[in-house]
Amino acid sequence: MTIIYITLSIFGTIATLALYYYVRHFMPLRPKEQGFAYVYIEEDGTVRELDEEEREYLSTEFHGADGDRPYIKSRYNQLTPDKKISGYLPRRRLPRRIKIKPVNK
């Protein structure tokens, strides 16, 4: 009987950790909206739409080991490898409270 409780406890812990990971990294934070699938976070934390060149860049298929591929963050607060907040983020992973500005011309 004890082995059953231990097994259930382990599976419960794994399920809880998987749910936490999903919510933290993949769950949409805003409803479906019009616009491109990604937005850009500026160094000051503001968010803007992408221009045509950036859209084309993100639409390009890259090899996994290609050093020129874009770095796409999974959370708004996440820092890039060079310790900056700026970078590309999936639109659905942007918190609702943050407004998206139009692209700068």
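Anything in region 27-36 that is aliphatic (A, V, I, L, M) and surrounded by 12 or more Cβ atoms within 10 Å (Cβ to Cβ)? List them, or say none.
Residue satisfying the conditions is L29 alone.
Restricting to region 60-80, what's the tally of residues that are closer than 16 Å to R48 by Cα and loosely packed, with under 11 Cβ neighbours inside 10 Å?
1
Please tell me if E43 is within 20 Å of I85 (Cα to Cα) and surrounded by fewer than 10 Cβ atoms within 10 Å (Cβ to Cβ).
Judged against the criteria, E43 is a match.
Anything in region 38-66 that is farther than 27 Å from Y21 by Cβ and assigned to a loop (DSSP other than H, G, I, E, B)? List them, or say none.
E42, E43, D44, T46, E49, L50, D51, T60
Would you be able to tell me the number of residues in region 8-26 that are surrounded by 11 or more Cβ atoms within 10 Å (Cβ to Cβ) and of a type in the set (A, V, I, L, M)?
1
For region 81-104, give me each residue that is farther than 19 Å from A37 by Cβ and either surrounded by fewer than 14 Cβ atoms within 10 Å (Cβ to Cβ) or basic (K, R) (or both).
Of everything in region 81-104, those that are farther than 19 Å from A37 by Cβ and either surrounded by fewer than 14 Cβ atoms within 10 Å (Cβ to Cβ) or basic (K, R) (or both) turn out to be P81, D82, K83, K84, R97, N104.
Throughout, read-outs are computed from the coordinates displayed, never taken from laboratory work. Keep in mind it's a predicted model, so treat the numbers as computed, not measured. Note: ideal-geometry Cβ built from the backbone for every residue, glycine included; neighbour counts use all protein chains shown.
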